[in-house]
Amino acid sequence: MSGLIAFIASHRVEFAARLGEHIVLVLASTTMAAAIGIPLGVLAARRPALAKPIVALANLGQTIPSLALFGFLIPLPFLGGIGTRTALVALTLYAVLPVLRGTITGIQGVPASVIDCAVAMGLTPRQVLTQIEWPLALPSIVSGLRVAVVIGVGTATIASAIGAGGLGDYIFRGLAMVDSTVILAGAIPAALLALACDGALALAGRIADPRRRSPGMMIALVALVIATTGGALWASGVTSRRDVTVGSKNFTEQIVLGELIAQVIERQGLHVERRFNLGGTAIAHQALVSGGIDAYVEYSGTSLTAIFNLPPSRDANEVFTQIRDRYAALGVTALPRLGYNNTFAILVRAADAQRLGLRTIGDLNRFTGARAGFGYEFLERPDGFTGLSAAYGLNIAGQPRTMDLNLIYRALSSNEIDVTAGDATSGQIESQKLVVLADDRHYFPAYEAVPVVRSALLLRHPQVAGALKRLEGAISDEAMRRMNYAVDGEKQDPFQVVKAFLDRIGGF
Amino acid sequence: MLRDVSIAIGAGETVALVGRSGCGKTTLLRLINRLLEPDSGQIIIDGQASATWDPIALRRSIGYVIQDAGLFPHRTVGSNVATVPRLLEWPEGKISARVDELLSMVGLDPREFRDRWPDQLSGGQRQRVGLARALAADPAVLLMDEPFGAIDAITKAELHTEFKRVQASLRRAVVLVTHDMSEAFALADRIAVMHDGQIAICDVPSVVAASTDPRVSALVAHLRQGSGG
C-alpha cells in the first residue's frame, strides 16, 4: 500500500491527468447516454410497440464485448478513429441501456389512476409528463444512471486500449510490466471513483425526492458537480499541450520503445503526449494512419504480414524495403531500424528442456502431452502457430489456449501451460527461468524494430527525423533485453530506464 | 358500447349511474369530460356542445373524483388540492386560502393536514382530499367514479353524510357512478339504471324502487336482500 502511495505521489501530475481523463470520459458518456436514453425511454414507455425493438437494440449494444466494440468503431468515419471520441461513443452505447430501462420502468410505474386524474383535471400532455410522470419516475431514472455510471467507470479503463487515456493506462501498463503496484494505481482509484460517483448520484436521488429536498443540498451538489467537472477538465488538459503524440502497443518492450521515441523527441525541445498501451497492432496502425498518434515502433515482420498482408520473408533487408514503400503510400515514413531483432521465441521451462533434452522447436515432438498457450495474435497471424506447426511437423495435442500476451510467461512458469511463443527480447525469459528453443529451420521472419512516423510530422518538425535517425542500430538484442528486464524484473520505471540508456549512449 | 343514451342533469342535482360491471356507466362518465370521445351524438355543458370546448379548459372546469382518489404521491395534501387553481394561475394568496377553506369543508383541519403526504393518510382521509381537490376551482359539474368503493362501511357512512352536507351548500351538478345500489339511494336525487349500454330507467329513487322492469328490479331486489355490494 505504501508502494502504491509512493507511486502515485511520484507520478502525481500524470496521475491527475489520467484521473481527469477518466472522470471526463465517464461524465461525458453518461450525460450523452442520459440525453439519448431518457427521451427514448419516455417514448418507449408511451408506445409499448416501440419498447421491444428499442430495448432489444440497447441490449444488443450491451452484449458486445467492450474491446470488440472499440475494434468495430475504429475504422468507422466520424465516430471512429482512436482516442477520446471513439471511447465516448462506445461508453455511451453501454450506458444507454440502464438509463433506458430505468426510464421505462419509472414511467410505467406511475399508477394509472394518478395519470387518469391528472388528465381529467386538465393537465396538458406536456404537464402530465413534466409535473407528474417525470418527478415520479425520477428515482428509477436515477437508479438507471447509477448503474450506467458504475459500468462507465469500469468500462472506461478499457478505453485506454484505444488511446483515450484514463486510469486504464495504469492497469494496462501494470499488466505489461507484471507490476501489481502499477495495476493497483489504476484499479483502486477507479473503484473509489465508481463508489464516489454512485454516492453522488444517490445524493442526487435524495434531492430529487420532494420530501427530503433542501436548497442547501441542491446547491452543494451542483457545486460539487461543477467543481469535479472543472477539475477533471483542467487536470486532463495539463498534458494536452503537445507537439507530438507517441504511441505504443501494450507490452513492456513497446512501452520502453515508446518512452525512447518520446524522450528523444522531447530532447529536441518538443512537447510529447504519450498514448501507450494501444490494444494491438491493428489499433496502433490505425491510430498512426488516422493521425491519432504521430509515431510508434513497429516490427518489420509484423508490419509485413499483419498490416500489409504480404507473405512472410526471412530476408531482413528485403522486408524493410517492402514495408518502407508500403508505408510511404500511406503518408508514413519508416525510419532506420533500431538494430535488434525481436522475433518470436518458442519458450519452454528450463526444467523441461533439461529433462527432455529440448534444444530446437522440432524437439517439441518429444514433449508428449505438452499444453500450448499463445497470445491472441500468434494464433491468427500467417507467420504464427499454423505455419509453425506445418514447418516443423508439430503434433501438439488439443487446442492451444489463448491468453493475454503479458500473462504467457507467468502461465508458463506456473505450469498452467508447457509451451508458448514469447518475444525473443523479453526480460521475463530470464526472470521466469525459461528457455528459447532454436528456430533451426528459420521459420520466423525478421522482426526488426522500425520507428514509423507520420511524414507530415517530419515536415513540420524536421529535427525529429534527424534525432530518430541517430537511433539506427543503437539497440542490440542484449541492450533491449536488459531494458526489458530492468522494467519487468527489477520493477524500474520505464522513464528512468530509457533516460539512463539515452544518457549512456549520448548524442541527444 | 353506449347506444341511445339521453340524460339531462340540472344544477344542484345528484344523479347516480348504477348497473353491473361493463354496463357502460364509467364510459358515459368519461364522455362528459372528453376522456373519451363519442362516435356520434353530443354532450352539452353549460349550453355549449362539449366538442366545441377546448378539452383542457373543459376538464379544468369539471371536478373529478375516482375510487382510490388518485392523489399525486409526490405532492403534499395542500399542493394536491391546489392543482387546478395553479393550472388556472390563481394568485398564490388566493390559492392558499382556498386550500384551507376546502380542507375545512371536507372535515380535515388545514393546520394538521395541509403539509402531510398522501401516504400518511387513511383511505377515508385520502378520499376527502380527493373531493376537496375536485372542488378546488369551483366547478359547475362534479364527476365521481366509484368514489367510496374501497372504503370500510363506517367510514363510508361518514363520507356519505359529509358529501350530502357539502352538496347541500354547493349545489353542483353531480354525476356519481356506483355499483352499490344502497349508495345510490342514499345520495342521489335521481338514479339512472344502466344495462347493456342503455339507460333502463332514470327517475327519483322511489320510482326506481317500484319499477317492474326486470333489468331494474333485479338490482333493487338484490339491495332488499341486504347485500348492497
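No lab work stands behind these numbers, since they all come straight from the coordinates. Given the structure is predicted, the values throughout are model-derived calculations rather than measurements. Because the Cβ atoms are built from the backbone with ideal geometry, glycine has one as well, and the counts that use them run over all protein chains shown.
Going by a ≥ b ≥ c, the root eigenvalues of the Cα gyration tensor, does chain A fall in the rounded group (a/c under 1.5), the prolate group (a/b larger than b/c) or the oblate group?
prolate
Once you've got the GNM for chain B with C-alpha springs shorter than 10 Å, pick whichever of B:129, B:84, B:166 has the biggest mean-square fluctuation.
B:166
In deg cm²/dmol and to the nearest 500, what is the mean residue ellipticity at 222 nm of the protein assembly as shown if only DSSP H runs of at least 4 residues count, each as -39500 (n - 2.57), divided by the residue total?
So the helix-based figure for the protein assembly as shown works out to -16500 deg cm²/dmol.
Using only atoms on other chains, find how many Cβ atoms lie within 10 Å of each Cβ of peptide B:29-40 and report the average.
1
If you count the DSSP beta bridges with both ends in chain A, what percent of them are antiparallel, to the nearest 5?
Here the share of antiparallel DSSP bridges comes out near 65 percent.
Which helices, taking whole DSSP H runs in chain A, have alpha carbons extending 30 angstrom or more along the helix axis plus mean Kyte-Doolittle at least 0.0?
Taking the DSSP H segments of chain A (at least 30 Å long, mean hydropathy at least 0.0), we get A:12-46, A:84-108, A:134-156, A:180-208, A:215-237.
Among the lysines, select those whose C-alpha is under 29 Å from the C-alpha of residue A:433, and discard any that sit fewer than 8 residues away in the same chain.
In chain and number order, the partners are A:249, A:491, A:499.
Read phi for every residue in segment A:341-354 and hand back ³J(HN,Hα) as whole Hz from Karplus 6.51 cos²θ - 1.76 cosθ + 1.60, θ = phi - 60°, with x for Gly and Pro.
Values per residue, Gly and Pro as x: 10, 9, 7, 5, 10, 7, 10, 9, 5, 4, 4, 5, 4, 5 Hz.
What is the sum of charges around residue A:193, taking Lys and Arg as +1, Asp and Glu as -1, for the other residues whose C-beta is under 12 Å from the C-beta of residue A:193?
-1
Non-local amide H neighbours of residue B:177 (under 5 Å, H modeled in plane, Pro and chain starts lacking H): which ones?
Excluding prolines and chain starts, which carry no amide H, the hits are B:17, B:144, B:145, B:146.
Below 14 angstrom from the Cβ of residue A:296, what's the summed charge of the other residues (Lys, Arg +1; Asp, Glu -1)?
Computed value for this residue: -1.
What net charge is computed for the residues neighbouring residue A:104, neighbours being all others with C-beta under 12 Å from the C-beta of residue A:104, Lys and Arg scored +1, Asp and Glu -1?
Here the charged neighbours net out to +3.
When the Cα centres of segment A:308-361 and segment A:430-480 are compared, how far apart do they sit, in Å?
10 Å
What does DSSP give for segment A:344-437 in terms of the percent of beta bridges that are antiparallel, rounded to the nearest 5?
Roughly 75 percent of the beta bridges in segment A:344-437 run antiparallel, per DSSP.
Please report how far the C-alpha centroid of segment B:78-121 lies from that of segment A:401-422, rounded to the nearest whole angstrom.
After rounding, the separation between the Cα centres reads 73 Å.
Evaluate peptide A:108-119: per residue, the Cβ atoms of other protein chains within 10 Å of its Cβ; return the mean as an integer.
5
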